[in-house]
Amino acid sequence: MAATTRFLTNAPTNQKIRSDEYAELSVLTYALAGSPFGRITSTRVNGSTQNYDTGVLTPVKNRITMPVIFPSGETFSNVVKLACSILIGTGIQTEGRYFFTDQTTKKNPVRMGWLNLLGGIDRYTFTGNQHKQINTERDTFTKELDFPYSREDRGESVLRTVSSSEITVFSDFEPESTLYWLAEILTSPEVWIEEGGYHIPIVITSKTLVYQDPRLVQMQLKYKMSNERISQNG
């Protein structure tokens, strides 16, 4: 088989990855026959390389998925790039994908994942500014008061209070090709943020593009949690 099988993603061939981040690369099951395994080749600052192979990748729901994580045998600050592909035996079966280590310090990174147009899973970390707005809605009812009533008796009361947060995040300034890929978030039926090992479902409410120059664009996304929070019942 030619080593041109594409992964199920429209992401740029070169992406950034931080030390604690996880990614995945998938192909359709029928695209690979045999016992496929993943290979991550780390390139260090001094130019040396080291291969790290996964075990045999087991198909799940018509997908073969390769996990992309930073190798435990490496020091993050000493690595420049991770090259990822799937092999069978000694033969490379897929295109190569490259993850460059992001060594910069970010105050409020938001790791977002989504089901992409091809049926794979994509992820991106929004590392720009972050704003949070809390919206509160109250359901009230009016109770008839017997006469005479005191000033302390309550006529209109709160039945329940529901609060929701709308959060605004910003990407780095990226090439337009990267922003075309990120736009898939807007049409995805499943979007979430990854926080503390949990996938928290969210709903995208709006987006804005901010141009630094004709070649670099920043995406501004607003989202809210999929599940409303009932703060208090009356």
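So the values come out like this:
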quantity	calculated
Amide proton proximity set for VAL80, modelled H, under 5 Å, gap of 5+	THR43, ARG44, VAL45
Cleavage-rule hits (chymotrypsin sites (Phe, Trp or Tyr not before Pro)) in region 1-91: DSSP loop, at most 16 neighbouring Cβ within 10 angstrom	TYR22
SER19 paired with VAL210, simple spin-label distance in nm, labels 7 Å along Cα-to-beta-carbon	2.8 nm
Calculated log₁₀ intensity ratio I(q)/I(0) where the Debye formula runs over C-alpha points of region 63-122, q = 0.16 Å⁻¹	-0.75
Alpha-carbon radius of gyration plus Dmax, which is the widest Cα pair, for region 14-103 in Å	13.1, 41
Sparse-neighbourhood loop sites, trypsin sites (Lys or Arg not before Pro) in region 1-35 - DSSP loop, at most 15 other Cβ within 10 angstrom	ARG6
For region 7-57 and region 192-220, distance of Cα centres in Å	24 Å
Surrounding net charge for ILE121, when Lys and Arg each add one and Asp and Glu each subtract one, Cβ distance under 14 Å	-1
Under 5 Å, built H, 5+ apart or other chain: amide partners of ARG18	ASP102
Assigned charges on the beta-carbon of Lys, Arg, Asp, Glu; region 1-130 dipole about Cα centre (debye)	220 debye
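We did not get these values from a lab; they are worked out from the coordinates using the rules stated. Note that the structure is predicted; figures quoted are calculated from it, not measured. Positions of Cβ are backbone-derived with ideal geometry, glycine not excepted, and every protein chain shown enters the neighbour counts.
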